[in-house]
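The values are calculated or read from the model by the stated rules, or taken from the named source; none is laboratory data. Here the structure is a predicted model, which means the values were calculated and not measured. No Cβ is skipped: glycine too gets one built from the backbone with ideal geometry, and neighbour counts run over all protein chains shown. Just so you know, the surface numbers come from the protein's heavy atoms only, side chains and all, with ligands and any DNA or RNA stripped out. Shrake-Rupley method; radii C 1.70, N 1.55, O 1.52, S 1.80 Å.
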Amino acid sequence: MPRWKKIALACLALLLVAAVAGNWYIRTYDEREPSRVAFADHCAECHGRALEGTSEGPALIDRALTYGDSTPDLIASIGDRHEDTGSPDWKASLSAPMIKSLALYVSEQRQRIPTTIESQAHALPQDVVRSQYHDFQVELVTRLHSPPYSMAPMPDGRILVSEKVRGLSVVDREGRQGPLVAGAPRVWKEILHARGMYVGIGMMLDVELHPGYPENGWIYLSHSDRCQLDCGSPWPVSMVRVVRGRLEDNRWVDTEEVWSVHKDYYTVVPDGVACGRLAFDDQGHLFVTVGGKAPYKNLHKLDTPYGKIHRVRDDGSVPADNPFWQPPESRDASSTRHTVWSYGHRTTQGLTSHPATGAIWATEMGPRGGDEINLIQRGGNYGWPLYTGGLDYDGEPVTIGEDLGLAFPESATIPPVVDFTPAPAISNLTVHDGDQFPGWEDDLLVGSLRARTLYRVRIRDGQVLEQEKLLHNLGRIRDVEMGVDGLVYLLLEHTGGGSLVRLRPVPPTD
């Protein structure tokens, strides 16, 4: 048997083992998570295992905390002994990272951020939802065949939907999901499906309409292009690729490649970190996000595509004003340096542009804490993995950047406009631009996966003025978009499928 076949069979056996182990790991990780164990060891005797309080100490949930409940407040409360409470001197016995880890754990419990398994649940509220500016109801538009990734509302009221391991389809104005669009880029069945979490190589990612779609009909798709032997690999590898095409009688036609990379940059890293989010600015430039689909040492190497946001024209040509552009005759054939717009990103799961200013906003998943909303700037270094507001999943400091020998001052990086700590696993976002919810105009609407929460964030002149949870415990929100009817549409992914829902305002009651 050829050597490559032996390697492939060994990899298949490992994947089968991973399928079993993955289910066990996801099921048991939350119980073994270090900060949960630390709380049980050091804090539960007084505050209760469920933070409900005991005769020895007050509850830490369902009540206001005397010394504040932000993560910095909690760090101070744990680390700085309050003599009037009789609390132990934890600073003397616990490390600073463990104190921060405990603060994150308490904050997560106070915010009812669910476990990985619990986040797969979904339930649409039946009653009117009250919010600061508008009351609204959540309506089911349609159930989807499989977990989705993206949607693009069309001018005629239909909605394009991409499903990660199924493909592209159209939901009509009556909420009926049509058959798969024939001829769209191929997708592959997931390698591993453990408790609702998909691990795969070769998935459908984002879908976006050209700003001039009513005139030119261009639709942009990102997907994880998969290859194997033709890439010189004995096992499947993949990488983000962007194409454009048109719809004609539910067929994908006129395909053109817009952005891709050399096959040397295809990797075995699963597509969960591929990202592939798309957005156009007000000048018609297309922005593409690529996650850390490679070792983190590559995120600050400008010749590699990973951990970057890339910028090209709508036809794929490269603007000469890109920050690291090089003329074709002087650039390496495999380099992606000339398309890089910003770098030092971890997993940029969301991307949008302001409809009036063209400003590019992105969401980024951190590790344990450290989710971010970033305003993307030309040539910006966003710091990962040397600087982050989060901790590693085991509660220890993130030392990846130091271990890799990265050395640049924090002042040389662009800080997040919004830091989400603890991390809700934020996903895609949009800028509200419609007449149905005028009180939300120009606010960011941000989805989240683990927290199953829709956030409204008001940012003016770089400052966060308001932050509100519009919906909580709804489901894993994968995408947020404005419909042509002025309503807000959400894509939910959950065990066994997905849902397309919308928010509809209702008149306020006295």
When region 479-510 is examined, which residues are found to be open to solvent by 10 Å² or more (accessible area, probe 1.4 Å), assigned to a strand (DSSP E or B) and out of contact with any helix residue (DSSP H, G or I) (no Cβ under 9 Å at 6 or more places or on another chain)?
Glu481, Met482, Tyr489, Arg502, Arg504, Pro505, Val506
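Here is a yes/no grid of residues against (1) touching a Gly at 6+ places or on another chain (Cβ under 8 Å); (2) of a type outside the set (Phe, Trp, Tyr):
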site	(1), (2)
Ile400	no, yes
Thr430	no, yes
Phe437	yes, no
Gly475	no, yes
His494	yes, yes
Could you list, in sequence order, the residues of region 119-132 that are open to solvent by 60 Å² or more (accessible area, probe 1.4 Å) and in contact with a helix residue (DSSP H, G or I) (Cβ under 9 Å, 6 or more places away or on another chain)?
Gln132
Name the residues in region 26-55 that are of a type outside the set (D, E, K, R), modelled with pLDDT under 80, out of contact with any Leu (no Cβ under 9 Å at 6 or more places or on another chain) and under 19 Å from Lys100 (Cα atoms), would you?
Pro34
All but one of (1) among the acidic types (Asp, Glu); (2) open to solvent by 10 Å² or more (accessible area, probe 1.4 Å); (3) closer than 25 Å to Met151 by Cα hold for Asp271, so report the exception by its number.
(2)
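Taking the stated definitions as given, is Leu449 touching a strand residue (DSSP E or B) at 6+ places or on another chain (Cβ under 7 Å), surrounded by 24 or more Cβ atoms within 10 Å (Cβ to Cβ) and of a type outside the set (S, T, N, Q)? Talk me through it step by step, then tell me what you get.
Details: touching a strand residue (DSSP E or B) at 6+ places or on another chain (Cβ under 7 Å): yes; surrounded by 24 or more Cβ atoms within 10 Å (Cβ to Cβ): no; of a type outside the set (S, T, N, Q): yes.
Judged against the criteria, Leu449 is not a match.
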Considering only residues that are closer than 23 Å to Arg277 by Cα, surrounded by fewer than 21 Cβ atoms within 10 Å (Cβ to Cβ) and among the polar types (S, T, N, Q), which ones fall in region 133-158?
Ser146
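Filter the strands (runs of 3 or more DSSP E) completely within region 418-478 down to those with at least 3 residues that are at pLDDT 95 or above and under 19 Å from the mean Cα position of the chain (by Cα). Can you show your working first?
Numbers: elements: 418-420, 426-431, 444-448, 454-460, 463-471.
Correct list: 426-431, 444-448, 454-460, 463-471.
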Taking Leu124, is it over 21 Å from Pro422 (Cα atoms), modelled with pLDDT of 80 or more and not in a helix (DSSP H, G or I)?
yes
Considering region 382-392, residues that are within 17 Å of the chain's Cα centre (by Cα) and either closer than 19 Å to Asp321 by Cβ or hydroxyl-bearing (Ser, Thr, Tyr) (or both), and then whichever is surrounded by the most Cβ atoms within 10 Å (Cβ to Cβ), we arrive at Tyr382
What's the total number of residues in region 418-471 that are within 24 Å of Gly358 (Cα to Cα) and of a type in the set (Gly, Ala, Ser)?
6
(1) out of contact with any strand residue (DSSP E or B) (no Cβ under 8 Å at 6 or more places or on another chain); (2) open to solvent by 20 Å² or more (accessible area, probe 1.4 Å); (3) farther than 24 Å from Arg478 by Cα: which one isn't true of Glu441, the others all being true?
(3)
Which residue pairs have Cβ atoms under 6 Å apart, sit 6 or more places apart or on different chains, and have a first residue in region 48-70 that is within 20 Å of Arg36 (Cα to Cα) and part of a loop (DSSP other than H, G, I, E, B) and a second that is hydroxyl-bearing (Ser, Thr, Tyr) and open to solvent by 50 Å² or more (accessible area, probe 1.4 Å)?
Gly48/Thr54
Which condition from (1) out of contact with any strand residue (DSSP E or B) (no Cβ under 6 Å at 6 or more places or on another chain); (2) open to solvent by less than 10 Å² (accessible area, probe 1.4 Å) is the one that Ser427 breaks?
(1)
